[in-house]
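Engineer: Take a look at the following structure, please.
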Amino acid sequence: MGKIEVIDADGHIIEPTEQLAAYIDPAYREYGAMPGHRGYYPSDAWDRSVRGTLGESAGDAKAWLEAIDRGGLASAVLYPTSGLGIGWVREPDFAVALCRAYNDFLHQEIMLKSPRLKGVALLPLQEAPEAVKELRRAKGLGFVGAMLPAVGLRKPLGHDDFWPIYAEAERLGLMVGVHATVRGPHFFGADLFDRFIEVHTLSHPFAQMIQMTSLAFQGVFEAFPRLKVAFLEAGCTWVPYWLGRMDEEWEKRGALEAPRCKRKPSEYLTSDRVFYPAEASEWLLGPTREALGEAGIFYASDWPHWDNEFPRNIQEMQERKDVSEEVKRQILFDTAKRLYGLNG
């Protein structure tokens, strides 16, 4: 088989407040301003970069196009960095303004610079009707999906309040991507720990388990059979265990306590409308691929975040012996194309 094309299904843009300030509604421009500090998002004091030794900066199209060329990528789909914490923004009106500003920034300064740079929109789930409006606007601007914050919101993602968003995403043919962040460790049971290594280890998989449980048992997959849902940045080898656990609970208690979940959760979550990332370092990728059935598995760089392994992880994926060349092609290219509805 010839050289496999690669699509990065989950890269990140760095969006400092100074850049977003140029796009936000003037009524909110000075939100959070203090002498010597200004930030639109709730923050924390974790030393992510290990004293500045890990990670890179990618706040513009030039940095990302250079990264694409370095890694030999066909294209990259970009998520926010600070915006991963959008769920922690409490004021609904400010969340609306902030999401709109981020989407305008990404469209104007990144997406319009090259067709190889694709954008996933930020939505203010704090105000569902406005989120629906922003999703429609994002579709018109050429965004290929929308992000759902896995942490921060006061209600889990399966809650009825969010169903109009899912209905609109299904109607528009846009995917929704559940993405976590380390902010707010009490949300995912990590507030017992005092070191970033401990908190970060738990953050993404535990948050994904929480939201997967909510979406499945509350009946979202049953109600929206064409909605494409991705669970991002936690790998995929945790999924078979969690599906087995949910199935067992459903068999014993589902009829009474999860009546809108009409089938075993695993039947929904191994269908061709659910998607998971594959880490090159995951030991059990081969058997996990078999266990997940028709679900899509995709490659994600996570560049430029501190823990990325780009572009080395592309070569490592290509050299794996536990998956076929056809599966490698699906992971590196085909699945992302299907998830985001990309042309070419």
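The values are calculated or read from the model by the stated rules, or taken from the named source; none is laboratory data. Because the structure is predicted, anything quoted here is derived from the model rather than measured. Here Cβ is always computed from backbone atoms with ideal geometry, including for glycine, and neighbour counts include all displayed protein chains. The protein model used for the area step is the full one, side chains on, heavy atoms only, and it has no ligands, DNA or RNA in it. Shrake-Rupley method; radii C 1.70, N 1.55, O 1.52, S 1.80 Å.
Engineer: Scan the stretch 106-125 residue by residue and report those that are more than 23 Å from Glu168 (Cα to Cα) and in a helix (DSSP H, G or I).
Structural biologist: Gln108, Glu109, Leu112, Lys113 - these are the residues of the stretch 106-125 that are more than 23 Å from Glu168 (Cα to Cα) and in a helix (DSSP H, G or I).
Engineer: Another question about this same structure. Every residue in the stretch 207-233 that is under 25 Å from Tyr340 (Cα atoms) and either of a type in the set (Phe, Trp, Tyr) or at pLDDT below 95 (or both), please.
Structural biologist: Phe221, Phe224, Phe231, Glu233
Engineer: Just one of (1) of a type in the set (A, V, I, L, M, F, W, C); (2) over 20 Å from Gln208 (Cβ atoms); (3) surrounded by 21 or more Cβ atoms within 10 Å (Cβ to Cβ) trips up Ala169, so point out which.
Structural biologist: That leaves (2) as the condition not met.
Engineer: Which count do you get for residues in the stretch 283-305 that are open to solvent by 10 Å² or more (accessible area, probe 1.4 Å), in contact with a helix residue (DSSP H, G or I) (Cβ under 7 Å, 6 or more places away or on another chain) and not aliphatic (A, V, I, L, M)?
Structural biologist: 1
Engineer: I'd like the residue in the stretch 51-70 that is outside any helix (DSSP H, G or I) and of a type outside the set (Asp, Glu) and, out of all such residues, is least open to solvent (accessible area, probe 1.4 Å).
Structural biologist: Here the residue is Ala58.
Engineer: Identify, please: which residue in the stretch 1-16 is more than 21 Å from the chain's Cα centre (by Cα) and touching a residue at least 60 places away in the same chain (Cβ under 8 Å) and is, among those, least open to solvent (accessible area, probe 1.4 Å)?
Structural biologist: Only one residue fits best here, namely Ile4.
Engineer: Among the listed residues Arg312, Arg253, Arg329, Arg338, identify the single one that is open to solvent by 20 Å² or more (accessible area, probe 1.4 Å), within 22 Å of Glu170 (Cβ to Cβ) and of a type outside the set (A, V, I, L, M).
Structural biologist: Arg338
Engineer: Can you work out which of the residues in the stretch 195-230 that are among the polar types (S, T, N, Q) and surrounded by fewer than 20 Cβ atoms within 10 Å (Cβ to Cβ) is farthest from Pro156 (Cα to Cα)?
Structural biologist: Within the stretch 195-230, the match that is farthest from Pro156 (Cα to Cα) is Thr201.
Engineer: Give me the pairs: first residue in the stretch 70-84 and more than 15 Å from Gly59 (Cα to Cα) and modelled with pLDDT of 95 or more, second residue among the charged types (D, E, K, R) and part of a loop (DSSP other than H, G, I, E, B), beta-carbon distance under 6 Å, and six or more apart or on different chains, which are they?
Structural biologist: So the pair list comes out as Ala74/Glu5; Ser75/Arg116.
Engineer: On the given criteria, is Leu106 open to solvent by less than 50 Å² (accessible area, probe 1.4 Å), modelled with pLDDT of 95 or more and under 29 Å from His186 (Cα atoms)?
Structural biologist: Spelling it out, it is not the case that Leu106 is open to solvent by less than 50 Å² (accessible area, probe 1.4 Å), modelled with pLDDT of 95 or more and under 29 Å from His186 (Cα atoms).
Engineer: Out of the residues in the stretch 264-282 that are hydrophobic (A, V, I, L, M, F, W, C) and at pLDDT 95 or above, which is nearest to Gln218 (Cα to Cα)?
Structural biologist: Within the stretch 264-282, the match that is nearest to Gln218 (Cα to Cα) is Leu269.
Engineer: Name the pairs whose Cβ atoms lie under 7 Å apart, with the first residue in the stretch 322-344 and touching a residue at least 60 places away in the same chain (Cβ under 8 Å) and part of a helix (DSSP H, G or I), the second of a type in the set (A, V, I, L, M) and open to solvent by 70 Å² or more (accessible area, probe 1.4 Å), and 6 or more positions between them or separate chains?
Structural biologist: Note: pairs meeting the criteria are Glu325/Met1.
Engineer: What's the number of the condition Asp44 fails, among (1) buried (at least 19 other Cβ atoms within 10 Å of the Cβ); (2) modelled with pLDDT under 95; (3) not small (Gly, Ala, Ser)?
Structural biologist: Against the list (1) buried (at least 19 other Cβ atoms within 10 Å of the Cβ); (2) modelled with pLDDT under 95; (3) not small (Gly, Ala, Ser), Asp44 comes up short only on (1).
Engineer: While we're on this one: Hey, can you tell me all the residues within the stretch 159-194 that are farther than 14 Å from Arg226 by Cα, part of a loop (DSSP other than H, G, I, E, B) and under 16 Å from the mean Cα position of the chain (by Cα)?
Structural biologist: Ala180, Thr181, Val182, Arg183
Engineer: Picking from Pro124, Pro92, Pro115, which residue would you name as being open to solvent by less than 20 Å² (accessible area, probe 1.4 Å) and touching a residue at least 12 places away in the same chain (Cβ under 8 Å)?
Structural biologist: Pro124
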